[in-house]
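The values are calculated or read from the model by the stated rules, or taken from the named source; none is laboratory data. From a predicted model like this one, the values you see are computed outputs, not experimental measurements. Here Cβ is always computed from backbone atoms with ideal geometry, including for glycine, and neighbour counts include all displayed protein chains. When the accessible area is computed, the model is the full protein with side chains, heavy atoms only, and any ligands, DNA or RNA have been set aside. Shrake-Rupley method; radii C 1.70, N 1.55, O 1.52, S 1.80 Å.
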2 protein chains.
Amino acid sequence: MAPSAQSLPTSVSDEKYANVKWEELGFGFCRTDNMYVAKCKHGESFQEGKIVPYADIQISPCSAVLNYGQGLYEGLKAYRTEDGRIVLFRPDQNALRLQSGANRLCMPYPTVDQFVSAVKQVVLANKKWIPPPGRGTLYIRPILFGSGPILGSLPVPEYTFTVFACPVGRYHKDNAGLNLKIEDKFRRAFPSGTGGVKSITNYSPVWITLAEAKAKGFSDVLFLDAATGKNVEELFASNVFIVKVEERVVPVEDLLDAEEVFCTGTAAIVTTIASVTFKEKKTEFKTGDKTLAAKLFATLTDIQMGSVEDKKGWIVELTDATKPGLKL
Amino acid sequence: MAPSAQSLPTSVSDEKYANVKWEELGFGFCRTDNMYVAKCKHGESFQEGKIVPYADIQISPCSAVLNYGQGLYEGLKAYRTEDGRIVLFRPDQNALRLQSGANRLCMPYPTVDQFVSAVKQVVLANKKWIPPPGRGTLYIRPILFGSGPILGSLPVPEYTFTVFACPVGRYHKDNAGLNLKIEDKFRRAFPSGTGGVKSITNYSPVWITLAEAKAKGFSDVLFLDAATGKNVEELFASNVFIVKVEERVVPVEDLLDAEEVFCTGTAAIVTTIASVTFKEKKTEFKTGDKTLAAKLFATLTDIQMGSVEDKKGWIVELTDATKPGLKL
Ligand SMILES: Cc1ncc(COP(=O)(O)O)c(C=O)c1O
Ligand SMILES: Cc1ncc(COP(=O)(O)O)c(C=O)c1O
């Protein structure tokens, strides 16, 4: 949670920055000014939604998401660059992942353009919540869910696509590298399940194991695959990498043998893993400035913050729609 | 859906029955008059909630249920007996199942007494929506979910327990027995997952396979276990039984060899299965008045409707709390 930010005034004003103690910013919910909402009836397509003041969502008690877990989320960030621009990092990729998840969970979805436009609108409508360069980022959370009432049988009559945003700092607090527990009992994703998409159903089932690991002092949990229980999968909300191993199935032994291990994600950015504990045995890895993780972190955030050239077309710059052409 | 019921007047009145065409009642959402709501902060216990007019729930866009699928549901029914009583069937068992699910998903939960009391209050507050004897039942849907905002890390600051109700008729429309597809690809529940509790995360991931099967004319889907893909598990929302087989692991071959097969559930009651199709091959079973399923259906509904004595203490009779001692 971000205690410093939570009780802040949220009224719209012309000040450049919201009254946030940026240096105290953690990774947690913080109420901002505005959000985006679009609805879609069964059999129709999403039309352009609108920006509304941030507020509770009104939803049927009998809605598909509350009763049957029909929901997806996405996560991306807006960055304020040193030279005063506001940029996004590959938002089209989040749109495409949302679309594949929507197919998996039988939902209609916004187009890539609608998605990216919604994200941009939310960023602009919450501009003063974007932390100063280097002090944090604006985390953007698009959600898509079955909002119409359903009992018994399909179809779900209505779907909602909403985007809100919160300023965030670091996701993991352990600066010296994470200490992971390799989960030996609970599995997370299974063949033919929803592990390949960002379904909300992938999270609550494994909170119990994350909570247990945190209670024992671990930073996060590393899950193994459900089919064999032998191969490395991912952390609670980030992917895992081993230095000098191509993208392939990674048995636990290869992980334990690695010189360096790190995780990546929108929230986690690139974070060094200092140790993993498997069946009570702790194995340590290289940490510090000399790691590849440190180099990758620097390169990635330099691209995102605009201080290193983006040669891949990953950066999407926002211009204020209400003042065309004006840089922010 | 119950189209006849959906656009009905929902205002409270003194009439004994709501203006529903009971003979057209299907199994679907129908708006009734009142619902129950109780909230609980993290670290506290559920206090007695209250009956409020049926309305949309207000929920944080960043709530645990919308973003991470932290939710459970229950389902039970209220019956109007021939002699004018209103009864429930083993509501304490639903309370206990909700509690075990809440432990699994890291949520606080109402006590058994709070749960049963909430259910009774919802039934009494929607009395005129309970169909006449033999014309249907009042389906009661308790839901428990993480309603407080959460981003990144636990705890969830607030939980909501809500109970609403809809009059329902038959769940499966196939009177001559169900024609099932044995799902060959998609699995539903996996070891260490949430298959043992009524988590909302168990439903949306398999809608895609239910929808595909229905599009091909099947009544429902029979899932096999994730670990081996060889043993029979359950239908989308009911349990499966084979006549003369004890409670044990049931390989598909045993099912295909069975003389009679049926499914059970609050919604399904006891429903004969006429056929299953496995890898394109259809196997048929005994149907009709002479089946054990027909006898079990009659006995169970006779107990529920009060025309056969309840020797097990399963029936819980409602008396109007506002008029103590008065039978309804
Ligand atoms: C389960 C899981 N795995 C991996 C990731 C990393 O994905 P991304 O790099 O898109 O943030 C996330 C991010 O939320 C996640 O929730
Ligand atoms: C997945 C699933 N299995 C089985 C059942 C049957 O349970 P019960 O007899 O409590 O209704 C249900 C009922 O909703 C269900 O959803």
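For the stretch A:178-304, the alpha-carbon radius of gyration amounts to 1.03 times the rule-of-thumb value 2.2 N^0.38 Å expected for a compact globular protein. Sparsely packed loop sites in the stretch B:229-295 (the trypsin sites (Lys or Arg not before Pro) outside DSSP H, G, I, E and B with at most 16 other Cβ atoms within 10 Å) comprise B:LYS230, B:LYS244, B:ARG248, B:LYS279, B:LYS290.
Among the listed pairs B:LYS39/B:LYS198; A:LYS230/B:LYS185; A:LYS230/A:LYS290; A:LYS120/A:LYS290; B:LYS41/B:LYS120; A:LYS120/B:LYS198, give every one whose C-alpha distance is greater than 28 Å. Violating the 28 Å limit, Cα to Cα: A:LYS230/A:LYS290; A:LYS120/A:LYS290; A:LYS120/B:LYS198.
Here the stretch A:195-211 and the stretch B:99-150 have alpha carbon centers that stand 25 Å from each other.
Counting other Cβ atoms within 10 Å, which trypsin sites (Lys or Arg not before Pro) in the stretch B:156-218 have at most 13 and lie in a DSSP loop? Can you show the working numbers first?
Values: sites: B:ARG170, B:LYS173, B:LYS181, B:LYS185, B:ARG187, B:ARG188, B:LYS198, B:LYS214, B:LYS216; in loops: B:ARG170, B:LYS173, B:LYS185, B:ARG187, B:ARG188, B:LYS198, B:LYS216.
Taking the stretch B:156-218 and a limit of 13 other Cβ atoms within 10 Å, the loop trypsin sites (Lys or Arg not before Pro) found are B:LYS173, B:LYS185, B:LYS216.
Protein-only accessible surface at a 1.4 angstrom probe places the residues B:VAL243, A:VAL221 in the order B:VAL243, A:VAL221, largest first.
Which trypsin sites (Lys or Arg not before Pro) in the stretch A:17-64 pass both tests, a DSSP loop state and at most 12 other beta-carbon atoms within 10 Å?
Values: sites: A:LYS21, A:ARG31, A:LYS39, A:LYS41, A:LYS50; in loops: A:LYS21, A:ARG31.
Those satisfying the criteria are A:LYS21.
Calculated [222 nm] ellipticity per residue, helices only, for the protein assembly as shown: -5500 deg cm²/dmol; basis is -39500 (n - 2.57) per DSSP H run with n ≥ 4, divided by all residues, nearest 500. Listed by chain and number, the lysines placed with their C-alpha closer than 27 angstrom to that of A:LYS295 are A:LYS77, A:LYS173, A:LYS181, A:LYS244, A:LYS282, A:LYS286, A:LYS311, A:LYS312; residues fewer than eight positions away on the same chain are left out. Sites counted here are GluC sites (Glu not before Pro) in a DSSP loop (not H, G, I, E or B) having no more than 16 other Cβ atoms within 10 Å; the longest part of chain B that contains none of them is B:83-245.
Looking at the stretch A:178-304 alone, DSSP beta bridges between its own residues are antiparallel in about 70 percent of cases.
Sorted by accessible area with a 1.4 angstrom probe, largest first, how do A:ASP33, A:ASP310 fall?
Numbers: A:ASP33 15, A:ASP310 40 Å².
Ranking A:ASP33, A:ASP310 by accessible area, largest first, yields A:ASP310, A:ASP33.
How would chain B be classified by its alpha-carbon gyration tensor: rounded, prolate or oblate, with rounded meaning a/c under 1.5 and the a/b versus b/c comparison settling the rest? It comes out oblate by the Cα gyration axes. For the stretch A:10-169, carbon and sulfur atoms together expose 48% of the accessible surface, with a 1.4 angstrom probe and every protein chain in place. By DSSP, the beta bridges lying fully in the protein assembly as shown are antiparallel in about 90 percent of cases.
Starting from the Kirkwood radius over alpha-carbon pairs of the protein assembly as shown, derive D by Stokes-Einstein at 25 °C in a medium of 0.890 mPa s and give it in µm² s⁻¹. So the translational diffusion coefficient is about 92 µm²/s. Pairing chains A and B buries close to 5300 square angstrom of accessible surface in total, based on protein heavy atoms and a 1.4 angstrom probe.
Ligands, DNA and RNA left out, the 1.4 Å accessible surface of the stretch A:184-328 is 53% carbon and sulfur atoms.
With every protein chain present, what is the per residue accessible area of the stretch A:29-138 (1.4 Å probe, Å²)? Provide the component values of the computation, followed by the final result.
Values: 3740 Å² over 110 residues.
That works out to 34 Å² per residue.
Can you tell me the accessible area per residue over the stretch A:178-304, all protein chains present, probe 1.4 angstrom, in square angstrom? Display every interim value, and only then the final one.
Values: 5720 Å² over 127 residues.
Here the residues of the stretch A:178-304 average 45 Å² of exposed surface.
Where both residues lie in chain B, what percent of DSSP beta bridges are antiparallel, nearest 5? Intermediate values should be presented prior to the final figure.
Numbers: 51 of 58 bridges.
Around 90 percent of the beta bridges assigned by DSSP in chain B are antiparallel ones.
Burial here means at least 20 square angstrom less accessible surface with every protein chain in place than with the chain by itself, probed at 1.4 Å; in the stretch B:142-177 the buried residues are B:ILE143, B:PRO149, B:LEU151, B:GLY152, B:SER153, B:LEU154, B:PHE164, B:TYR171. A simple charge model with +1 on the Cβ of Lys and Arg, -1 on the Cβ of Asp and Glu and nothing else charged puts the dipole of the stretch A:171-287 at about 360 debye relative to its Cα centre. Which shape class applies to the stretch B:10-169: rounded if a/c is under 1.5, otherwise prolate when a/b exceeds b/c and oblate if not, where a ≥ b ≥ c are the square roots of the Cα gyration tensor eigenvalues? Prolate, since a/c reaches 1.5 and a/b exceeds b/c. Ascending distances from the A:ALA55 label point to its copies in the other chains, with the point 7 Å along the Cα-to-beta-carbon line: 1.3 nm.
Please work out whether the stretch B:93-237 counts as rounded, prolate or oblate from its C-alpha gyration tensor, where a ≥ b ≥ c are the square roots of the eigenvalues and a/c under 1.5 means rounded, while otherwise a/b larger than b/c means prolate and anything else oblate? Before the final figure, lay out the partial values.
Numbers: a/c = 2.27, a/b = 1.14, b/c = 2.00.
Cα axes put the stretch B:93-237 in the oblate bin.
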